Amino acid sequence: MNHPLFFRFKLLAFSPQIYVTDADGHEVLYVKQKLFRLREKVEVHTNSTRQQLLCTIEADRIIDWSARYTFRDPSGRELGAVGRRGMRSLWSAHYDVFAPGSREPLFSIREENPLAKLLDGFLGELPIVGLLTSFLFHPRYLTSRTNGTPVMRLTKKPAFFEGRFQLEKLGEVSEGEELAVILSYLMMNLLERRRG
C-alpha cells in the first residue's frame with residue numbers, strides 16, 4: 001500500500017463507517033460496522049461499493065473486555081488477530097497483534113499520550129468547544145515489535161465533523177504483517193470510539 005494511509009469516519013453517522021485511502025487518494029479499504037450484534041463481527045471491503053470482501057473481523061466472546069478479534073479472509077483462513085489488554089487498557093489503550101494461529105504477540109499497539117485522548121473525548125462532546133478540540137488534541141498510537149522496534153504510528157488529525165487519522169509506516173514489515181496491523185488499527189478505532 002502507498003503510505004501514508006488516511007482513515008476517516010463521520011462523527012454523526014448512525015452506523016460507524018471507516019474509509020481508508022492511500023497517499024494518492026485512492027480508496028483501499030472500507031468498513032461499515034453493523035449495530036446491535038451480541039458478538040462483534042465486522043466486514044472489511046476493498047472499497048465503499050462493498051463488491052469485494054477482503055476479510056472479516058470477529059470477536060471471540062460477547063463482552064469485549066480482553067476480547068480477541070480474529071481476521072479471516074473470505075474462505076475462512078486466519079490472517080491474524082488483535083486483542084485488547086483489559087486492565088492495561090483502562091487509562092491507556094494497549095492492544096496486542098498476533099500472527100495467524102499464534103498465542104504470543106507479534107506487535108504491541110500503545111497509546112502514546114492518554115491525556116490527549118481523554119481531553120479530546122471529554123471536550124469533544126461540548127457543542128462549540130468540540131469544534132476546537134480536533135485542532136488541539138491529537139491522540140497517537142504506536143505499533144512496535146516485541147523487541148521495541150517501531151513499525152507504524154496512527155495519529156489523529158484536525159478535522160471538522162469527522163474523525164481523521166493518518167497511518168505512517170516507520171519500519172519494515174511483510175505484506176501479511178502490514179495487513180494485520182492495519183486491520184488491528186481499524187478494529188481499535190471502532191472500539192476506542194465507543195470509549196470516548
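The values are calculated or read from the model by the stated rules, or taken from the named source; none is laboratory data. Fair warning: this is a prediction, and the values are worked out from it, not measured in the lab. Reconstructed Cβ throughout: ideal geometry from the backbone, glycine too, with neighbour counts over all protein chains shown.
Close contacts from the range 62-78, counting a first residue that is at positive phi and a second that is of a type in the set (D, E, K, R) and modelled with pLDDT under 95, with Cβ to Cβ under 8 Å and a gap of 6+ residues or different chains, come to Ser66/Arg84; Ser66/Arg85. Restricting attention to the range 149-196, the residues that are outside any helix (DSSP H, G or I), aromatic (Phe, Trp, Tyr) and surrounded by 14 or more Cβ atoms within 10 Å (Cβ to Cβ) total 1. Among residues of the range 39-63 being at pLDDT below 85 and surrounded by fewer than 18 Cβ atoms within 10 Å (Cβ to Cβ), the one that is nearest to His26 (Cα to Cα) is Arg39. Screening Phe9 with (1) modelled with pLDDT under 90; (2) outside any strand (DSSP E or B) gives one miss only, at (2).
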